[in-house]
Amino acid sequence: RLLAVTDGLAAGRTQRGIAADVWGAEAVAREWAPDGRMRAQVRRWTRKARALADGGWRDHVPRGPEGT
């Protein structure tokens, strides 16, 4: 899902558009609300995707025996 969010951000998609990419347009049409759970989840994923793109991915890469 984070890759879908990253791709959506790069393509200039809105939060609602990213939600449609992940959950489908019909689900978003039924459930999307400005203060709803879908938007909150997309916002969390957006923060995480941006953090990873800004170098946070390095925290997930195993380090060598000397910590390098």
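The values are calculated or read from the model by the stated rules, or taken from the named source; none is laboratory data. This one's a predicted model, so the numbers in the text were calculated from it and none came from an experiment. Cβ coordinates were reconstructed from backbone atoms using ideal geometry, including for glycine residues, and neighbour counts include every protein chain displayed.
Of note, R47 satisfies the criterion of being at pLDDT below 95, part of a helix (DSSP H, G or I) and exposed (fewer than 12 other Cβ atoms within 10 Å of the Cβ).
Selection of first residues in segment 22-47 that are touching a residue at least 12 places away in the same chain (Cβ under 8 Å) and at negative phi and of second residues that are outside any loop (DSSP other than H, G, I, E, B) and basic (K, R), restricted to Cβ pairs under 9 Å at least 6 apart or on distinct chains, gives the following pairs, ordered by first then second residue: V28/R16; W32/R16; W32/R39; M38/R16; R39/R16; V42/R16.
Yes/no per residue for (1) part of a helix (DSSP H, G or I); (2) surrounded by 17 or more Cβ atoms within 10 Å (Cβ to Cβ); (3) in contact with a strand residue (DSSP E or B) (Cβ under 7 Å, 6 or more places away or on another chain); (4) of a type in the set (S, T, Y):
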{"position": "R16", "(1), (2), (3), (4)": "yes, no, no, no"}
{"position": "A20", "(1), (2), (3), (4)": "yes, yes, no, no"}
{"position": "A27", "(1), (2), (3), (4)": "yes, no, no, no"}
{"position": "D35", "(1), (2), (3), (4)": "no, no, no, no"}
{"position": "W57", "(1), (2), (3), (4)": "yes, no, no, no"}
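Restricting the search to segment 9-21, which residues are closer than 14 Å to R44 by Cβ and modelled with pLDDT under 95? L9, the sole residue that qualifies. Is segment 27-35 home to any residue that is charged (D, E, K, R) and within 11 Å of the chain's Cα centre (by Cα)? Looking through segment 27-35, none of the residues is charged (D, E, K, R) and within 11 Å of the chain's Cα centre (by Cα).
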